[in-house]
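**Student:** Below are the structure tokens for one structure; questions will follow.
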Protein chains: 2
Amino acid sequence: MSILCVGSVALDSVETPFGKAERVLGGSAVFFSAAATFFSPVRIVGVVGDDYPRADLAFLEKRGADLSGIETRPGESFFWAGRYHYDLNTRDTLETRLGVFADFRPRIPEGFRDSRHVFLGNIAPQLQQDVLDHVDAPEVVACDTMNYWIEGSRKELLSLLERVHILLVNDEEVRQLADEPNLLKASRWIRERGPSLIVVKKGEHGAMLFADGWVFFTPGYPLENVFDPTGAGDAFAGGFMGHVARSGSLDPTELRRAMVFGSVMGSYSVEDFSVDRFKRLDPADVVRRAWEFREMTAFEAHVEEHRV
Amino acid sequence: MSILCVGSVALDSVETPFGKAERVLGGSAVFFSAAATFFSPVRIVGVVGDDYPRADLAFLEKRGADLSGIETRPGESFFWAGRYHYDLNTRDTLETRLGVFADFRPRIPEGFRDSRHVFLGNIAPQLQQDVLDHVDAPEVVACDTMNYWIEGSRKELLSLLERVHILLVNDEEVRQLADEPNLLKASRWIRERGPSLIVVKKGEHGAMLFADGWVFFTPGYPLENVFDPTGAGDAFAGGFMGHVARSGSLDPTELRRAMVFGSVMGSYSVEDFSVDRFKRLDPADVVRRAWEFREMTAFEAHVEEHRV
């Protein structure tokens, strides 16, 4: 089943200790789709300026992404430039130019309205609401957000969450939204306000799923070289939602797998600049790394004898 | 099989957002043993002042700890006072008085010399070496250390590590010892210098085992209330080494279980002040929580169909 994905389609200039990339494909919708299309078709809604190298998105189309919802408008595309530090856990934003993204009003093409799975990338909660208003019968709505909206558009965000099934955010955002340092309590606070599932992305520390009465955990995949962390969280969301849409189920068995596929895609994402790793990724690589996650976490709980 | 454990036997005064405890049992050897004795007998070597409430250690003796290696010397016991902040991830040390621990020279009783499993708690590397010199034929040697020794006694520490099989430290210490931010690379650097197994404790983010060609991961157990984090790392070491000694094996299957039992004991440790949680812990609770860890991490890697 196709996933409707709304988010940024951007150009990034990135410096890491390993190198430099200039004006390469970026943005939440691009990273999401590059990962999600390994599992399900995606319909992208976004906006770019007339400077955008649209031809570079052709690889997404080949994988089953429908790009007809990406508007081209006169002006400059969303541009972000950043530099990662030695340990790759901190970064400086060198430049942000919103360009045509500043006035982004998502327009949902007629043919996208029957989407059952929706991923609302990190844009204003009012716009995320607006997108939902233009989908006929959304079955699974996932959304991302950030500190900017938690602080500045809290009311609108909480109102949006009533219509959301899965909140996908990082640990800082969960804590900030619920004003509670304990993740278990913070997730419960949010779950009482709408989303029945909270996916907490913790970067190198892995990810957690808080559900009704159960919790699931995936580790960060240990990599010798994190080449470029940009977009890892969106790639995680893509792997997660891609599997959710593919399986058509929110059963614990499928949600667990979705978490693992999210982790797999997040881990591949950081192995190269931009979405380059996904361009040369084989579906067999995805399956292979899922098994590696199993090797990293599986154990026999049963112990014959127990002292004392 | 009995574990020889050398470390501090202390008194702690602790303040957390949930309450206050004055001059309660603390120290690495105490937390280690309170956890390890659920799996294996322990022989403790340490020193206390004549102010120490030795009778309070009776519960350890009942569980199978041999306290005959705890010397009582004239003077004050090692005393630590600290206060945890709101989110419990940071703490202030209010007071440290080393007392008789300042001149601690571990004396290994004759009857302890045949120990096959040794845990060297966080003391000077020279003293840790000294302990090993007084054990006839140690089979599995695990040790802890801290930034103080990594900085000030680096040469002695590296010399000790040549005789150590398992290094149990936190992520900061691994990075500092190897002078390398990447945990995988840092662990390999250390593994090339002696210990074939590196256990990295990451607090709320879980723990990782780096072994020869494989990695294993356990999450932090999600608790609504972390009551008092003091000693969690030592309790982890106790659960880990307790199972290693019980199983008598360093096979991957048993090492994985050891990691889980370490996590289980670490998680119970923080549920109350001092070692109080272990006093009312049932072996069945240990097994139950190990199964919970399985529920938190187990998934079916096999997926029937795969798109693309």
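**Student:** Residue by residue through the range B:130-163, note down the ones that are open to solvent by 50 Å² or more (accessible area, probe 1.4 Å), touching a strand residue (DSSP E or B) at 6+ places or on another chain (Cβ under 9 Å) and more than 22 Å from B:G69 (Cα to Cα).
**Tutor:** Those that are open to solvent by 50 Å² or more (accessible area, probe 1.4 Å), touching a strand residue (DSSP E or B) at 6+ places or on another chain (Cβ under 9 Å) and more than 22 Å from B:G69 (Cα to Cα): B:M146, B:R163.
**Student:** Suppose we filter B:E22, B:E76 for residues that are under 14 Å from B:L11 (Cα atoms), open to solvent by 30 Å² or more (accessible area, probe 1.4 Å) and part of a strand (DSSP E or B); which single one remains?
**Tutor:** B:E22
**Student:** When you scan the range A:251-268, do you find a residue that is modelled with pLDDT of 95 or more, in contact with a strand residue (DSSP E or B) (Cβ under 8 Å, 6 or more places away or on another chain), more than 14 Å from A:A36 (Cα to Cα) and among the polar types (S, T, N, Q), even just one?
**Tutor:** Scanning the range A:251-268, I find no residue that is modelled with pLDDT of 95 or more, in contact with a strand residue (DSSP E or B) (Cβ under 8 Å, 6 or more places away or on another chain), more than 14 Å from A:A36 (Cα to Cα) and among the polar types (S, T, N, Q), so the answer is no.
**Student:** Then there's this: For the range B:41-88, give me each residue that is at pLDDT 95 or above and hydroxyl-bearing (S, T, Y).
**Tutor:** Correct list: B:Y52, B:S68, B:T72, B:S77.
**Student:** Any idea how many residues of the range B:37-60 are within 15 Å of B:K279 (Cβ to Cβ), open to solvent by less than 10 Å² (accessible area, probe 1.4 Å) and within 14 Å of chain A (Cβ to nearest Cβ)?
**Tutor:** Selection size over the range B:37-60: 3.
**Student:** Quick check: is even one residue across the range A:193-206 farther than 23 Å from B:G203 by Cβ and touching a strand residue (DSSP E or B) at 6+ places or on another chain (Cβ under 6 Å)?
**Tutor:** Within the range A:193-206, one or more residues are farther than 23 Å from B:G203 by Cβ and touching a strand residue (DSSP E or B) at 6+ places or on another chain (Cβ under 6 Å).
**Student:** Find all pairs meeting these conditions: Cβ atoms under 8 angstrom apart; at least six residues apart or on different chains; first residue within the range B:239-255 and at the interface with chain A (Cβ under 9 Å from one of its Cβ atoms); second residue of a type in the set (K, R) and part of a loop (DSSP other than H, G, I, E, B).
**Tutor:** Close Cβ pairs (under 8 Å, with a partner that is of a type in the set (K, R) and part of a loop (DSSP other than H, G, I, E, B)) amount to B:R246/A:R307.
**Student:** Restricting to the range A:79-92, count the residues that are loosely packed, with under 13 Cβ neighbours inside 10 Å and under 20 Å from the mean Cα position of the chain (by Cα).
**Tutor:** Residues flagged as loosely packed, with under 13 Cβ neighbours inside 10 Å and under 20 Å from the mean Cα position of the chain (by Cα) within the range A:79-92 amount to 2.
**Student:** Is it fair to say B:R277 is under 17 Å from the mean Cα position of the chain (by Cα) and buried (at least 24 other Cβ atoms within 10 Å of the Cβ)? Before the answer, list the steps.
**Tutor:** Numbers: under 17 Å from the mean Cα position of the chain (by Cα): yes; buried (at least 24 other Cβ atoms within 10 Å of the Cβ): no.
Answer is no for this residue.
**Student:** Now, a different point. Does B:A284 fit the bill of being part of a helix (DSSP H, G or I), out of contact with any strand residue (DSSP E or B) (no Cβ under 7 Å at 6 or more places or on another chain) and within 13 Å of chain A (Cβ to nearest Cβ)?
**Tutor:** Criteria met by B:A284.
**Student:** Across the range A:61-73, what is the total count of residues that are open to solvent by less than 80 Å² (accessible area, probe 1.4 Å) and within 12 Å of chain B (Cβ to nearest Cβ)?
**Tutor:** Selection size over the range A:61-73: 3.
**Student:** Let me ask something else. Give the residues of the range A:103-129 that are open to solvent by less than 60 Å² (accessible area, probe 1.4 Å) and not in a loop (DSSP other than H, G, I, E, B), sorted by residue number.
**Tutor:** A:G111, A:F112, A:H117, A:V118, A:F119, A:L120, A:P125, A:L127, A:Q128, A:Q129
**Student:** So which residues in the range A:217-231 are away from chain B (no Cβ under 11 Å) and of a type in the set (D, E, K, R)?
**Tutor:** A:D228
**Student:** Still on this model: In the range B:220-251, which residues are of a type in the set (A, V, I, L, M), open to solvent by less than 10 Å² (accessible area, probe 1.4 Å) and farther than 11 Å from B:S40 by Cα?
**Tutor:** Selection gives B:A235, B:A237.
**Student:** Given the condition of a type in the set (A, V, I, L, M, F, W, C), in contact with an Asp or Glu (Cβ under 7 Å, 6 or more places away or on another chain) and either touching a residue at least 24 places away in the same chain (Cβ under 8 Å) or surrounded by 24 or more Cβ atoms within 10 Å (Cβ to Cβ) (or both), answer yes or no: does some residue in the range B:282-299 qualify?
**Tutor:** Checked against the condition, which is being of a type in the set (A, V, I, L, M, F, W, C), in contact with an Asp or Glu (Cβ under 7 Å, 6 or more places away or on another chain) and either touching a residue at least 24 places away in the same chain (Cβ under 8 Å) or surrounded by 24 or more Cβ atoms within 10 Å (Cβ to Cβ) (or both), the range B:282-299 yields no hits at all.
**Student:** A:M265 fails exactly one of the following numbered conditions: (1) open to solvent by 30 Å² or more (accessible area, probe 1.4 Å); (2) more than 8 Å from chain B (Cβ to nearest Cβ). What is the number of that condition?
**Tutor:** (1)
**Student:** Going by what's in this entry, would B:F236 be described as part of a helix (DSSP H, G or I), more than 21 Å from B:G19 (Cβ to Cβ) and touching a Lys or Arg at 6+ places or on another chain (Cβ under 8 Å)?
**Tutor:** yes
**Student:** If we keep just the residues of the range B:93-102 that are of a type in the set (A, V, I, L, M) and free of Cβ contacts under 8 Å to residues at least 60 places away in the same chain, which is surrounded by the most Cβ atoms within 10 Å (Cβ to Cβ)?
**Tutor:** Of everything passing the filter in the range B:93-102, B:V100 is surrounded by the most Cβ atoms within 10 Å (Cβ to Cβ).
**Student:** Scanning for something at the interface with chain A (Cβ under 10 Å from one of its Cβ atoms) and of a type in the set (G, A, S), does the range B:268-281 turn up at least one residue?
**Tutor:** Within the range B:268-281 (the criterion being at the interface with chain A (Cβ under 10 Å from one of its Cβ atoms) and of a type in the set (G, A, S)), the answer is no, since none of the residues qualifies.
**Student:** Moving to a separate point now. Identify the residue in the range B:176-216 that is polar (S, T, N, Q) and within 14 Å of another protein chain (Cβ to nearest Cβ) and, among all such residues, is least open to solvent (accessible area, probe 1.4 Å).
**Tutor:** Residues of the range B:176-216 that are polar (S, T, N, Q), as a first pass: B:176, B:182, B:187, B:196.
If we keep only those that are within 14 Å of another protein chain (Cβ to nearest Cβ) too, we end up with B:176, B:182, B:187.
On the way: B:Q176: 63, B:N182: 27, B:S187: 1 Å².
Restricting to residues being polar (S, T, N, Q) and within 14 Å of another protein chain (Cβ to nearest Cβ), the top hit is B:S187.
**Student:** Continuing with the same structure: Which number in (1) assigned to a strand (DSSP E or B); (2) closer than 20 Å to B:A55 by Cβ marks the one condition that B:A34 misses?
**Tutor:** (1)
The values are calculated or read from the model by the stated rules, or taken from the named source; none is laboratory data. This structure is a prediction, so every number in the text was calculated from the model and none was measured. Methodologically, a virtual Cβ is constructed for each residue, glycine included, from the backbone with ideal geometry; neighbour enumeration extends over all protein chains shown. To get the accessible areas, we keep the full protein, side chains included, count just its heavy atoms, and leave off ligands, DNA and RNA. Shrake-Rupley method; radii C 1.70, N 1.55, O 1.52, S 1.80 Å.
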